[in-house]
1. For the stretch A:190-227, which residues satisfy the criterion of being within 23 Å of A:GLN332 (Cα to Cα) and of a type in the set (Gly, Ala, Ser)?
2. Every residue in the stretch B:33-55 that is buried (at least 16 other Cβ atoms within 10 Å of the Cβ) and either over 16 Å from B:ALA74 (Cα atoms) or among the small types (Gly, Ala, Ser) (or both), please.
3. If I filter the stretch B:59-78 for residues that are more than 9 Å from chain A (Cβ to nearest Cβ), under 27 Å from B:ALA165 (Cβ atoms) and either modelled with pLDDT under 90 or in contact with a Cys (Cβ under 7 Å, 6 or more places away or on another chain) (or both), do I get at least one hit?
4. Counting only residues that are of a type in the set (A, V, I, L, M, F, W, C) and over 16 Å from A:THR17 (Cβ atoms), which one in the stretch A:278-305 is nearest to the other protein chains (Cβ to nearest Cβ)?
5. Show the residue pairs meeting these rules: Cβ distance below 8 Å; 6+ apart or different chains; first residue within the stretch A:20-45 and on the phi > 0 side of the Ramachandran plot; second residue hydrophobic (A, V, I, L, M, F, W, C) and assigned to a helix (DSSP H, G or I).
6. Can you name the residue in the stretch A:204-239 that is at the interface with chain B (Cβ under 8 Å from one of its Cβ atoms) and among the aromatic types (Phe, Trp, Tyr) and is also surrounded by the fewest Cβ atoms within 10 Å (Cβ to Cβ) among such residues?
7. Out of all the residues in the stretch A:236-273, which are in contact with a Cys (Cβ under 7 Å, 6 or more places away or on another chain) and hydrophobic (A, V, I, L, M, F, W, C)?
8. Hey, among the residues in the stretch A:187-196 that are farther than 27 Å from A:PHE102 by Cα and either in a loop (DSSP other than H, G, I, E, B) or at pLDDT 95 or above (or both), which one's farthest from the other protein chains (Cβ to nearest Cβ)?
Amino acid sequence: MKRTNDGLKMRGLVARTNVALPPPTGPARTRHCINEGLSELYSAHTAAWRAEMLLRRALAGSEVRGILPDGAALQAGKSASFVAQRGAERVTEWFSLRDRAFDYFRTELLLGNANPFQDYRNAGGLLRSGLNASGRSFLWLKDAALDVEADAVLGLGRSETTLGDLLHDAHCLLHRLGEIFGGLYGCEVVHEDGTWFQECAVHLPHVPLANSMGFSCRYTCTVCGKDSSSCPHIRGVSYDVQVKRSEGQSCSACELTGTRCLHSHGETVAVAANVMITDIELREISFVRRARDPLARITSIEIEASELAGRLGRVPGPKDRVLCHTCMYPCQHGHSVEAAAGPD
Amino acid sequence: MNEVVDWTPSSEVVARLATRLRQGTLPDITVLPSQRRDGDDFYSESDSLALKVAQGASTHVDFLDGEDQRRFLAEYSADVAMQLALGWLTDLSGAGLLGLVRYVVQRIRAAKGNGTLAEGAVLEINVAKLIKSGQDLEIEGLQIKVRDADVARAMVFALASREAAENLLEELTD
């Protein structure tokens, strides 16, 4: 938990383990970010498509048909007053749509048809997963956009696209899925130890701060287990190693345990040399414009009680259910690559 | 952009260099910790390749610190693409300087080869010229900030006399 200059509390992801992090700089970093961004965008689109199919089936009755938005993301706001006015209208519209949807589900349930509500519930999980994936895609691609021009052409098998188009796609999908999820399911502000936190999956990827962990460490070779700065093994090159396995320990070749590992003790297998970070000593955590891991971001940020009181007309109690409508407000960050990557 | 300014390694690094000199184990090129944070010296992530790059070369390259004392600093900075700190045991011939320049060029090629250094990136190369005077060590430090393509020229002109520099550059080109 950290505090901003305004004294607000926030929580964030500082480090991920057991994942390949991008190199600190250079073309390999850009490639890594684009590949991860594309992979997450694919996952997000797949989840979004499945969720929308379920929702269209759930809302197929004549009373509710066509209540989903047309597919365009929320229009970018040019001014704070535009954003406030348009956002408030959208929240009212979504409340009305949601009421109609729930009236329909109730009627169908009374008639013995639980399928629409079941489809609605299943779509919620998919929407949440697509929303998170589109946020991650947006962060990966935004990092790549710091090194590569927006009109840089990227080959995608038989087709081509530009980084700017991919980033725009991830950004629009993030807002669209956020709006549908917030509108039909509702997101809550979280209360913990006397503090209210916003965890908006749409807003937080736009916050131009990343968490950088500074630490000292040693690098250990995965082939010989010795200091990789002294051993002769070259990263990425395959070497024959003898597997060491014992009860309860991970396999020396694949790092897996139990039946997940198919190697046997003493067997010789080819292993690509890699480097493990060991003996880590954390030195500091700081907010930076660009972190080594683009996903190391703020995950929740405090909302002052006075702000909630202004919105709700009273200070909410710890057990009150307080909804967050941020995802239904237009984006204030623009749609272009320059704007999306700009202020970071 | 070519910038050459004075640079001084930390007193702890200087003391460890003097110890290696007294022990007679100072190599031609010493890889020094290139990062200093809160009074501690650390090697950078790219230094983990420092010895692998020199395999097969006639110049003897070694870390200042043994494996047990060698710690690396991992943090992200988007400003300087690569930082090197090297101790160079000077000799009267130009061969030592050529070895140093070739080593730095090899480090740059290795970083480009594994994709961690972009074309046209700005490098910061800190060189401590180590001059033996009996059992004492004199150190003249220089920091050279230069784009990758100009490294050899910038290092030769910064570290050799003007007359020698042109000849050395010709040798390097050969």
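The values are calculated or read from the model by the stated rules, or taken from the named source; none is laboratory data. Keep in mind that this is a model prediction, so the values were computed, not measured. We place every Cβ from the backbone using ideal geometry, glycine too, and count neighbours over all the protein chains shown.
1. A:ALA201, A:ALA210
2. Residues of the stretch B:33-55 buried (at least 16 other Cβ atoms within 10 Å of the Cβ): B:33-35, B:41-54.
Listed by number, the residues that qualify are B:SER34, B:SER44, B:SER46, B:SER48, B:ALA50, B:LEU51, B:LYS52, B:VAL53, B:ALA54.
3. Taking every residue of the stretch B:59-78 in turn, at least one turns out to be more than 9 Å from chain A (Cβ to nearest Cβ), under 27 Å from B:ALA165 (Cβ atoms) and either modelled with pLDDT under 90 or in contact with a Cys (Cβ under 7 Å, 6 or more places away or on another chain) (or both).
4. Restricting attention to the stretch A:278-305, the residues satisfying the condition of being of a type in the set (A, V, I, L, M, F, W, C) are A:280, A:282, A:285, A:287-288, A:291, A:295-296, A:298, A:301, A:303, A:305.
Now narrow it down to the ones that are over 16 Å from A:THR17 (Cβ atoms): A:287-288, A:298, A:301, A:303, A:305.
On the way: A:PHE287: 12, A:VAL288: 7, A:ILE298: 17, A:ILE301: 22, A:ILE303: 30, A:ALA305: 36 Å.
The extreme case among them is A:VAL288.
5. Here the result reads A:GLY26/B:ALA111, each pair linking the stretch A:20-45 to a residue that is hydrophobic (A, V, I, L, M, F, W, C) and assigned to a helix (DSSP H, G or I).
6. Only one residue fits best here, namely A:PHE215.
7. A:VAL243, A:CYS251, A:CYS254, A:CYS261, A:ALA273
8. So in the stretch A:187-196, the residues farther than 27 Å from A:PHE102 by Cα come out as A:192-196.
After this cut, where a residue has to be either in a loop (DSSP other than H, G, I, E, B) or at pLDDT 95 or above (or both) as well, the list is A:193-194.
On the way: A:ASP193: 31, A:GLY194: 34 Å.
Applying the filter and picking the extreme gives A:GLY194.
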